[in-house]
Amino acid sequence: VLTGPNLAKEILSGQPAASVVAIGDDTIARELQRIFSRPSLRVYTNRDVIGCEVAGVVKNVIAIAAGMAEGMGFGDNTRATLITRGLAEMTRLGVALGANPLTFLGLSGVGDLVLTCAGDLSRNRTLGKQIAAGVDPKEYLASKRSVAEGFSTSAAAHALAQKLGVEMPITENVYEVLHRGRPLKEAVKTLLERTHKDELAG
């Protein structure tokens with residue numbers, strides 16, 4: 001898996017960035033690291049393929065939530081909350097699948113999550129903003145050449161979380177809004193009225 005906070009346009013223009021290549025074979029990992037590295041692109045290795053995959057998938061769902069919040073007029077506190085609690089969700093799911101929890105503090109986890117939730121070129125964040133503006137997600141996606149992966153991923157991640165018994169309330173509510181027609185205000189209310197918990201629970 002090659003992943004990380006890597007917008008293709010910025011990589012192509014030679015702007016400084018970092019990426020991570022995840023594979024279980026250290027010899028191949030080092031060779032891929034050598035092949036992909038450039039003066040402006042620093043490549044790290046990671047043996048945790050599952051963790052990098054989970055992070056790369058779930059961050060798109062959280063970015064849709066961040067876009068929805070922005071489109072509803074919410075500010076930086078809300079975005080920071082979604083990023084932080086979204087990180088907790090993706091970590092719980094990854095650990096349930098056998099991932100290393102430290103992976104989610106790296107480039108494929110918090111790095112890509114912050115970029116996708118805050119970057120102006122984020123397709124998933126843009127989708128969330130459009131939904132908050134009242135645009136039908138399927139119609140919006142049909143009108144675009146690029147893909148906002150979080151639309152389909154929300155259903156897959158929600159189903160996997162239910163199967164494994166992993167609590168992912170942000171993902172669940174994004175799924176409900178996108179695929180079940182739950183009103184955004186109701187989704188926000190549902191998240192805020194959840195039972196009080198310890199921050200590190202789960």
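A few notes on this one:
- In segment 28-78, residue farthest from Lys138 (Cα to Cα) [restricted to those that are of a type in the set (Val, Ile, Thr) and surrounded by 24 or more Cβ atoms within 10 Å (Cβ to Cβ)]: Val54
- Within segment 103-146, the set of residues being charged (D, E, K, R) and either without any contact (Cβ under 8 Å) to a residue 40 or more places away in the chain or buried (at least 21 other Cβ atoms within 10 Å of the Cβ) (or both) comprises Asp112, Asp120, Arg123, Arg125, Asp136, Lys138, Glu139, Lys144, Arg145.
- Residue within segment 79-102 that is under 16 Å from Val20 (Cα atoms), at pLDDT 95 or above and open to solvent by less than 30 Å² (accessible area, probe 1.4 Å) present: yes
- Looking only at segment 1-54, and only at residues there that are touching a Lys or Arg at 6+ places or on another chain (Cβ under 9 Å) and among the aliphatic types (A, V, I, L, M), the one that is farthest from Thr103 (Cα to Cα): Ile11
- Selected residue (criterion: farthest from Met68 (Cα to Cα)) from residues of segment 85-102 that are assigned to a helix (DSSP H, G or I) and of a type outside the set (A, V, I, L, M, F, W, C): Pro101
- Flag for Ala96 being farther than 17 Å from Gly165 by Cα and small (Gly, Ala, Ser): no
The values are calculated or read from the model by the stated rules, or taken from the named source; none is laboratory data. Given the structure is predicted, the values throughout are model-derived calculations rather than measurements. Neighbour counts are summed over all protein chains in view; Cβ atoms, including those assigned to glycine, are modelled from backbone coordinates with ideal geometry. When the accessible area is computed, the model is the full protein with side chains, heavy atoms only, and any ligands, DNA or RNA have been set aside. Shrake-Rupley method; radii C 1.70, N 1.55, O 1.52, S 1.80 Å.
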